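The values are calculated or read from the model by the stated rules, or taken from the named source; none is laboratory data. The model shown is predicted, which means the values in this text are computed figures rather than measured ones. Here the Cβ is made from the backbone with ideal geometry for all residues, glycine too, and neighbour counts use every protein chain on show. Side chains are part of the model used for accessible areas, which takes the heavy atoms of the whole protein and leaves out ligands, DNA and RNA. Shrake-Rupley method; radii C 1.70, N 1.55, O 1.52, S 1.80 Å.
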Amino acid sequence: MTNHWLSLIVAAPLIGAVINWLVGRRVRSEAFIGFVACASIGVSTVIAFILAFTDNNGAGAALFSEPARPVMSHLWTWMEVGNFRADVGFAMDRLSGIYVCFVTFVGLLIHIFATGYMHGDKSYYRFFAYLNLFMFMMLTLVLGDNLLLMFVGWEGVGLCSYLLIGYYVDRKEAGDAAKKAFIANRVGDWGVILGIMFVFFITAAAGAPSISFFEKTDLTNLVGNQVPAMTNAFATIATMAVDPFTINALIAGGLTSAAILLFIGATGKSAQIPLFVWLPDAMAGPTPVSALIHAATMVTAGVYMIVRCSELYVRAPTAMAIIAVIGAATALLAATIGLAQNDIKKVLAYSTVSQLGYMMLACGVGAFSAAIFHVMTHAFFKALLFLGSGSVIHGMHHEQDMRRMGGLKKYMPITFATMLTGWLAISGIPIFAGFWSKDEILYKTFSTQSNSFGLILWFVGLCTAVITAIYMTRLMVMTFWGTERFAEAHAGGQGDEAHAQAFADKKTTAHDAQTATIDDRQHHSPDEHVGAATSHASHQVHAVHDEHDDEDAHEHHGLAHGQKPHESPLVMTLPLIILAVLSVFGGLLGAPYALSLGAIDNPFHHTLEPVIAHEPNFVGGAANGADDAHGSPATTETHSAPVSANEHEGVPHGEGATAAHTPEEIFTERVLAGVSILLAAFGIGLGWTYFQRRPLAQMPRLLENKYYVDEIYDATIIEPIKDGSRVGLWRILDVGVIDGIVNGVGTVAREAGNGARQLQPGFVRSYAAIILLGALLVIGYFAAALAR
Amino acid sequence: MIIADLFQTLIWIVLAGLAIGSGVAMVVQRNPLYAAISLIGVFISFAGFYLLLGAPFIAAVQVIVYAGAIMVLVVFVIMLLNVEEEVRKPLRLKFLIPAAIFGAAILFAQAAFIIYSVGASPVRVPNADAANSQIGLTKSIGTGLFTDYLLPFEITSILILMAIVGAITLARRPTVLLLVEEDYDGKKHVERRTLKIDNI
Amino acid sequence: MTPQLSWYLALSAVMFTIGVAGVILKRNAISMFMCIELMLNSVNLTFVAFSSFFNNLNGQLFVFIVMAVAAAEAAVGLGIIIALFRNRESLDVDDANLLKL
């Protein structure tokens, strides 16, 4: 079903980026730039919701069409080589419809927030141009109708992440973090490219070569021409047999190999073990960037890809097991590290890694709709938490260290209230969004049939939930309750330096921050301020230009003496409020039958169900709840009619289309929910009592130093590569062999010339003699010829 | 006719002696002017040979071009440069004398061998009567030159043109250049440079 | 008996050898040049002798060309000698040893 408005969703942010880059740079008006940026995303949002929910010309809304048909917009055929074809075309089916809706909506809120947060920045236009570019890339990723176009968006969001993390160009650590992010992503991209190739080869071997997500029949493109037909790669894969659950399947070159290669890409993009190390460093970028990219959208791209390729994954049980294990391990690891961080953004960063681990765990046990549901709720509450922390940082004049905060709830009431909802959401308190999604994941893990260690994974997930509650409570307590510590001179952490310097002026008071411009800042080299704990150097530096202030002006970020934190302006608090509402009520979309006492039967799951795969020999529990084995292979999105919600009183269905609810399943689910609620409450209570009394308690050094992962990577991988390159490749190969050959040729020529020049003594007569000698030889030859 | 043959042979021997004598004299003489005169003697005797061989045109051209033009040119140059007698300098390259003698001997041997082969070869043209031959006449040479040998003729004329230009270029006075360089602060430096053969 | 072809060839060879010896032995540039002319002439004699004894015009035509070339060569060669003299102030070819490596 063709609807070319779909392409406008993707094009609008691009146009906004171009306008901001070309025109905004000349105009330099914050109002104009901000308006263009938000308006372009607004256009995308509106169109996305219209296409998703309304019945466009009788074709059916993307989310609710029966049978499930995607809205497609084929623009042109990008490349066609042999039997390989990749198009530039967009498609919105149920999965991408859900994604597009929340990505654009949350993106819009974050854009609005950023117009307030980045106020006064010197390169305002560049920020918003990049941000719009990022949205363009993300929407390409989500709406692309084939693997290659998705990969274009995949790479593009990596690029924009690099540009935005390194937005503060004069800070070395921002640049380093940006490079780290990009390189870690790139390592993953290797996996994705190989995975795409494998998919192509596998489908080609089956006779229908394709990398498209959708079947294309009877479509017209933008200028009205008929689009040549295209098969759905995953429909082809759906007809194949399941790979065996062995280690060999990983390297056998079949479905499992493709699956694990794509997952390697997902570990890079979605920050799982082993490639998660870039995400905490990425907090060097501005907070809206962290909120948008590293909480709500880019990092979920890995999950999107896995769910999109779910047909592939349900046939690769080894890969699924690995995904589940890595997801659970990452969740636990990151949660423990987050417990010990002092920078508010780092805590949230590790929290993101941990929640992504949950999503991967869900994918690994086959609960794809649970994973997507958690993506959505996580977008709500994590964006809320990040934006809230941005508001806190802004109000604290760019102090990010929680040890210097405290008691902020009376200064920043709106921020406090909204972050409260975010805190409860992530901790898994009922009614709030996070509870529904996290609980569904835990339930599906517990009852999974896809592997035999579901119980262990469930237990790990449970521990992670407890630790999540504890560290989030710690964050809230240290920030909003307790004694006010911002007046004390304390060793600060790494502040949002360049942003701080936008307002750093000797006499700027709290409210002048709104009007100070970047020109006020002193120009230091970036290293001078990092780690103000190196007080000797900073004293010297400060003594140079701070004659008036007393010793409280040690940090150019942070509050000056006697300054109080202030609430953020409406443009920043309004998105917080909207996100808070979503965090409270958004989860009800996916409330399962069992827990909502039959009132809601997980409309989210039912909407998503036709487009994700079910394991062919899946028996009960995770994906479909039916008790019987299902003989027929999993369905694709084109021809399955979702069974209505009425038929579920314990009667198992064929086709695995809906969740059947047997009494024992309902009971199990309720028990497990009760366990999680208890543990969440326990975690909150533990954190509350412990940290209220001792907010500055020192956490274990090992956790604070993130298990020394970066140092380990440095020592085992990076330093050997650098040494190998420097000594091996450069010294031996480049200088020794290649330069040696080139120089050697020259040396040989010179030496040969040196030898040959001995023949030329410079006397003309000797030349004549030699000529005569030659002539004699020639004549002699002829004489000899004559003699024969 | 014996007398005519004998006479011819006598003339031949005289001319040969003159040629060889002049040639040796030319090589031995230290004064280049005397050597030039000897060379003229060689040319005159060669002209005589051409006459004997029934090539009057060539003989005439020999005298006109070689003796009359080239040697005059050489004498001009000798006079212009005021060349003096060659001083007996000790020979720097000692090996040259034996090398020259050796080379000459080998050359002579090869030549003798070739001549013998030519003489012994059965190819024989009926002995043309030199006096009555039509070959060497101006008319026939002219005809051949402008029909069969037209291209070499034209090329030779171009060659001569090139030689003229070359000679003029080589022998002209060195060009004096006045190079004007302007300094950073506007001052002009004038430099006088001469283009010589070895810095063209 | 009339002069044979072989006589002419022998004479020509002798003259050529004399010329070669002169080229190698003489130090004066002009003297060397004159010896080269001698060599050219002896070759001319060979050509004319063959043309006469084989009743063939080509030999003489070729001699004509050779003479023209020799004239041109004389002009250029003497020009070079003059230039050499201007540079080196001496006609000794041993002094023109800038080509020595």
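What the table below lists for this structure:
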| item | result |
| --- | --- |
| For segment C:33-101 and segment A:150-175, distance of Cα centres in Å | 80 |
| Unsatisfied cross-links (Cα-Cα over 29 Å) in the set A:Lys179/A:Lys346; A:Lys180/A:Lys345; A:Lys122/A:Lys410; A:Lys382/A:Lys409; A:Lys122/A:Lys179 | A:Lys122/A:Lys410 |
| Inter-chain shielding of B:39-50 (mean C-beta neighbours from other protein chains, 10 Å cut-off) | 4 |
| Principal semi-axes in Å for segment A:147-210 [√(5λ), Cα gyration tensor, largest first] | 34, 10, 4 |
| Centre separation in Å (Cα based) which lies between segment A:670-730 and segment A:80-120 | 31 |
| Additional length obtainable on full extension of the chain from A:Val671 to A:Arg186, 0.36 nm per residue less Cα span | 170.3 nm |
| Cα-projected label distance for B:Thr147 with A:Ala252, points at 7 Å along beta-carbon direction, nm | 9.5 |
| Accessible area, probe 1.4 Å, largest first, for residues A:Glu80, C:Glu37, A:Glu215 | A:Glu80, A:Glu215, C:Glu37 |
| Simple spin-label estimate for B:Ile160 and A:Asp734 in nanometres, 7 Å along Cα-Cβ | 6.7 |
| Segment A:Ala697-A:Ser725, length gained on full extension (0.36 nm per residue, minus Cα span) | 5.7 nm |
| Accessible area (Å², per residue) of segment C:5-95, counting only protein heavy atoms and a probe of 1.4 Å | 28 |
| Rh by Kirkwood over Cα pairs, then Stokes-Einstein D for segment A:715-788 at 1.002 mPa s and 20 °C, µm²/s | 123 |
| Compactness of segment C:5-95, expressed as Rg and Dmax over alpha-carbon positions, Å | 15.7, 50 |
| A:Ile779/A:Thr747 FRET efficiency (R0 35 Å; Cβ-Cβ; nearest 0.05) | 0.30 |
| By average C-beta atoms within 10 angstrom, highest first, the peptides B:178-190, A:283-295, A:582-594, A:768-780 | A:283-295, A:582-594, A:768-780, B:178-190 |
| Percent accessible area from carbon and sulfur atoms, segment C:5-95, protein chains only, probe 1.4 Å | 72 |
| Total accessible area lost when B and C pair, probe 1.4 Å, Å² to nearest 100 | 6800 |
| 4 °C / 1.567 mPa s Stokes-Einstein diffusion coefficient of segment A:390-477, Kirkwood radius on C-alpha pairs, µm²/s | 87 |
| Modelled FRET efficiency - R0 60 Å, A:Ala206 with A:Glu173, Cβ distances, 0.05 increments | 0.75 |
| Pairwise label distance in nanometres, A:Phe32 with A:Phe585, each label 7 Å out on the Cα-Cβ vector | 3.9 |
| Theoretical FRET efficiency, 1/(1+(r/R0)^6), r = Cβ-Cβ of A:Ala39 and A:Asn83, R0 56 Å, to 0.05 | 0.85 |
| Peptide B:157-167, shielding by other chains (average Cβ, 10 Å cutoff) | 4 |
